[in-house]
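Below: one structure, written as structure tokens.
What follows is calculated from the coordinates using simple rules that are stated; it is not laboratory data. Treat the numbers as computed from the prediction; the structure is a model and nothing was measured. Here the Cβ is made from the backbone with ideal geometry for all residues, glycine too, and neighbour counts use every protein chain on show.
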Amino acid sequence: MTDSDSTQRLLLQNLWDWLLQQSLLRSPFFPVFFSLTVHLSCCLPYICLDMLCSRLPLVRRFKVQPQSRLTWAMVRRCLCKILHNHVCFILPLSVVHWYWRPVSSPPLAPEMWSVFTDVLACLLLFDTQYFLWHLLHHKVSWLYRFFHKEHHFYTSTFSLSTEHTSAWEMLSLSFFTTLNAALLDCHPLTEMLFYITHMYLSVEAHSGYEFPWSPHRLVPFDLYGGARHHDLHHLKSKVNYAPYFTHWDRLFGTLQEGTHRKSDSLKRL
């Protein structure tokens, strides 16, 4: 083991040792607390940018739909939906899950390479699952009308719209993220890092901003979609169904790349 490997392993072990000392980690309320904290932390920088966008041209130049505006009414609507779904659905399920499957806390942290491969595998699995779920809920009219239409309330994406979903959609996606970590027998720390990565990428895809450092610019060969890719889905509905990568949309002929038309239809109120 090289010095670099030893340092990485020590960092992960120190992090895991610290987490094991936190009583909240073993609480049935931890999944709700963790989910809300991660989601809102990922959203906060973009909310601040949205509030500055109308005043600072430097910020507006990176916006996918520059004419769109975020209002406090939209913020309140999304926050109410997010809190309602977490309190009414995620919390009861977390308590049941905690009762039937107590939290496992192995003493050793995972290796860095294992964390990387497991997180990537979970993302690829989720990408496949959600692509099929998403395609089905657009092709079957009653599924779209009753379960997925709520997520398309806004035609211009912004960070908080990530979890502006029906309870069924939120529970479906939560099931996929939990199932994938279980199928791959991920370490609890890896599972947490996967969820953080997954939530950041989801929020970034809904952020409505493209920066020079955006994830899709760091992945070669246009294998990753990004914010413009997903914003086109919300604008045109029948393209770009995959949440992250582009290979499934290429294979199914649903990939669309290009510029946005000028639109002032920010939301349907």
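Test of understanding: what is the full-extension gain from Gln13 to Thr197, defined as 0.36 nm times their sequence separation minus their Cα-Cα distance?
64.3 nm
Hey, if you put +1 on the Cβ of every Lys and Arg and -1 on every Asp and Glu Cβ in the chain, which of Leu56, His164, Ser214 ends up farthest toward the positive end of that dipole?
Highest projection toward the positive end goes to Leu56.
Near Pro215, within a Cβ-to-Cβ distance under 15 Å, what is the net charge of the other residues, with Lys and Arg +1 and Asp and Glu -1?
-3
Given 0.36 nm per residue, what is the gain on full extension from His84 to Leu36 after removing their alpha carbon distance, in nm?
Additional length available on full extension: 16.1 nm.
Which three numbers, in whole Å and largest first, are the semi-axes of the equivalent ellipsoid of the stretch 121-269 derived from its Cα gyration tensor as √(5λ)?
23, 19, 15
With +1 on each Lys and Arg Cβ and -1 on each Asp and Glu Cβ, how big is the dipole of the chain about its Cα centre, in debye rounded to the nearest 20?
1460 debye
Which one, Gly226, Leu10, Ala181, is farthest towards the positive end of the dipole of the chain when Lys and Arg carry +1 and Asp and Glu -1 on their Cβ?
Projecting each Cα onto the dipole axis, the largest value belongs to Gly226.
By how many nm would the segment from Leu183 to Ser27 lengthen if fully extended, with 0.36 nm per residue of separation less the alpha-carbon distance?
53.9 nm
Using the beta-carbon distance between Lys238 and Arg60 and R0 = 41 Å, what value does 1/(1 + (r/R0)^6) give for FRET efficiency, to the nearest 0.05?
Efficiency computed from Cβ-Cβ geometry: 0.90.
Looking at the square roots a ≥ b ≥ c of the eigenvalues of the Cα gyration tensor of the stretch 171-234, which shape do they give, rounded for a/c under 1.5, prolate if a/b is larger than b/c, or oblate?
Cα axes put the stretch 171-234 in the prolate bin.
May I ask for the net charge around Phe131, where only other residues with Cβ less than 13 Å from the Cβ of Phe131 are counted and Lys, Arg are +1 while Asp, Glu are -1?
Once all neighbours under 13 Å are counted, the net charge is 0.
Nearest 500 deg cm²/dmol is fine: what mean residue ellipticity at 222 nm does the chain get from its DSSP H runs of n ≥ 4 alone, each adding -39,500 (n - 2.57), divided by its residue count?
About -18500 deg cm²/dmol.
Fewest Cβ neighbours within 10 Å first, please rank Ser207, Ser214 accordingly.
Final ranking by Cβ density, sparse to dense: Ser214, Ser207.
Hey, rough spin-label estimate for Leu136 and Ser6, points 7 angstrom out along Cα→Cβ, what's it come to in nanometres?
Once both label points are built, they end up 5.1 nm from each other.
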